[in-house]
1. What are the semi-axes of the equivalent ellipsoid for region 83-213, taken as the square roots of 5 times the Cα gyration tensor eigenvalues, largest first, in whole Å?
2. On the accessible surface of the chain, probed at 1.4 Å, how many percent belong to carbon and sulfur atoms?
3. Roughly what would the spin-label model give for ASP181 and ASN159, points 7 Å off Cα along C-beta, in nm?
4. What percentages make up the Cα-Cα pair-distance distribution of region 119-164 when the bins are 10 Å wide from 0?
5. When DSSP beta bridges are limited to those with both residues in the chain, what percentage is antiparallel, rounded to the nearest 5?
6. Treating the beta-carbon of each Lys and Arg as +1 and of each Asp and Glu as -1, no other charges, what is the dipole magnitude of region 307-385 about its Cα centre, to the nearest 20 debye?
7. For region 219-325, compute Rh as the Kirkwood radius over C-alpha pairs and then the Stokes-Einstein diffusion coefficient at 4 °C and 1.567 mPa s; write the answer in µm²/s, rounded to an integer.
8. Treating the angle as unsigned and between 0 and 90°, give the value, to the nearest 10°, between the Cα long axis of helix 580-593 and the longest Cα principal axis of the chain.
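The values are calculated or read from the model by the stated rules, or taken from the named source; none is laboratory data. None of the values given here were measured: they were computed from a predicted structure. Backbone-built Cβ (ideal geometry, glycine too); neighbour counts: all protein chains shown. Just the protein is used for accessible areas: all its heavy atoms, side chains included, with ligands, DNA and RNA removed. Shrake-Rupley method; radii C 1.70, N 1.55, O 1.52, S 1.80 Å.
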Amino acid sequence: MTKNVSLNDWITEIQTLCTPDNVVIWNGTQKEYNDLAEDCVNNGKAIRLNPKKRPNSLLFRSHPSDVARVEKRTFISTTKKYDAGPTNNWVSPSKLKPIMTGLFRNSMAGRTMYIIPFSMGPIGHEFSKIGVEISDSPYVVLNMHIMTRTGSRILDMLNNGSEFVKCLHSVGYPLKPGQIDPAWPCAPMEDKYISHFPEDNMIWSYGSGYGGNALLGKKCFALRIASNQARNEGWLAEHMLILKLTDPKGNINYITGAFPSACGKTNLAMINPSLEGWKAETCGDDIAWMRVQNDGRLYAINPENGFFGVTSGTSEKSNPVALATVKDNTIFTNAALTDDMDVWWEDLTEEAPNHLIDWKGKDWYRGSDIRPDHPNARFTSPLTNCPILAKEYEEPVPISAILFGGRRPTTIPLIHQSYDFLHGIFIGSIMGSQITAAAIDANIGKVRRDPFAMLPFIGYNIADYINHWLDIYHQSTDALLPKIFFVNWFRRDENNKYIWPGFGENSRILKWILERTKDYANYKPTPIGMIPDVARLDLSNLKISKGALDTLFEVNRDAWTEEINSIDEYYKIYKDTLPNVLKNQLHLLKERFKI
Ligand code: OXD
Ligand code: MN
């Protein structure tokens, strides 16, 4: 046992409730990792990839019903319904705890219960927080080992009395004596619960083994619980990448960016700038914890220690850095397997191999009309695998600009800047992404509003969340805080083709953004914010027509009248709690359009 009384009591309580066969404390050594990986291979839970092609790497295949985060089974459990707000599923703790206690009872029978002490953020750093995950899933242990700082160093801090977030996880598949364990045990959908108890700093996750449902340091802790801690303690826990940019003169700036899923966040975090002399380095691709420091600037740090990225769409063209990142010491989940025991996913190569084993373990031949990998297949790699990892990745870095963005075929220009921080909060609140035909049919063409890309991750009432951004504003001033921008790489022409080339060419926009943070004059005011003076945008060596540029920077009054109506409609979710800052900013926008 440990020397932390509350940790010991909790371990005993969970052991008594879940009745595992064994209890193991994870010390975080490479040997433990290698041994557990080998066990998974020997028990048929994982496939070892060809060590010559992909050293020290594994492939896991999940159960077909357990392939992604399950938002409809994700709960914020607070005493008062108001505290979960209109964007979260709410059940009171007095109702949810007995239900879940019933599910957890004996849920680890026949299994090993792992105790994983972990730190979100560098160990001992003032920005960091400690958690302990108790899980009966070796897959979770291996992934947490990569995604967080785990092991005995954290245990030492716990032994010295550190507080911690209690993260309990079970796959929800107890084994009877002699019963064979499936490769990916999990519970049926109606028994899955991903529950957060912010009043107790506690997470209970039952029934799923996949990603954000089960690696509790990530979305559950570093966003949903941390957003509550951040509100109480005066900082921000955000769904943002952190990028370091160095210009040809050697000036260094850091930016963060929030984008809904499928909007190129990991690609931007690993951008390869096309502009000569520019250098980009990665600090983080998914989560930023940010605080205003004594100098009045907002500083960000990545609380994670790894990447849990989507493989789909990752290619030499879209993201060569990600390909280099996954070259070894990586766990793949739900990718396809090649004949020479390597992984493959859609878009990795222009043509698929002739034969693969698909993510369900079945033979697959080129030309088949089903895809061989799952669209949400993932890689888990250590940050240190990234060839352009910034040396400051374990330090809080001062942020010059915050980018918000979404996938919008019309209406929103390639880039615009908010007039000030409060206008920036408004822009964050109305962010959204177009639902494509491939997604949910009923909503084709509609915009799914995803404020601050945090819709599934704000762990409390969204009205309070917006007001908390206002509190952060009041900790400093416009002059010192990051400037706020909205980017839209996804504007389409009348033939439905993307107009902007994207990827490395986005560096042209990043250059303008950084110029704007120094307040160079190069801008044009519009009712929605400031856009570049196109004549002075760096378009050197880029073939793009005048007509295309006109469309990219168009602010169309009719389209915006429709957009404003849609914002009015969307703001109804707040009922009578719409924050004044949003009311005022919407009013100012209407005034600027004379609507
Ligand atoms: C993620 C997500 O997995 O945003 O990062 O869903
Ligand atoms: Mn994410």
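1. Over the Cα atoms of region 83-213, the semi-axes work out to 25, 21, 13 Å.
2. With neighbouring chains kept in place, the figure for the chain is 50 percent.
3. Going by the 7 Å Cα→Cβ label model, 2.8 nm.
4. 27, 56, 17, 0
5. Details: 63 of 96 bridges.
Beta bridges within the chain, antiparallel portion: roughly 65 percent.
6. My answer is approximately 300 debye.
7. Value of D from the Cα-based Kirkwood radius: 87 µm²/s.
8. The angle comes out at about 40 degrees.
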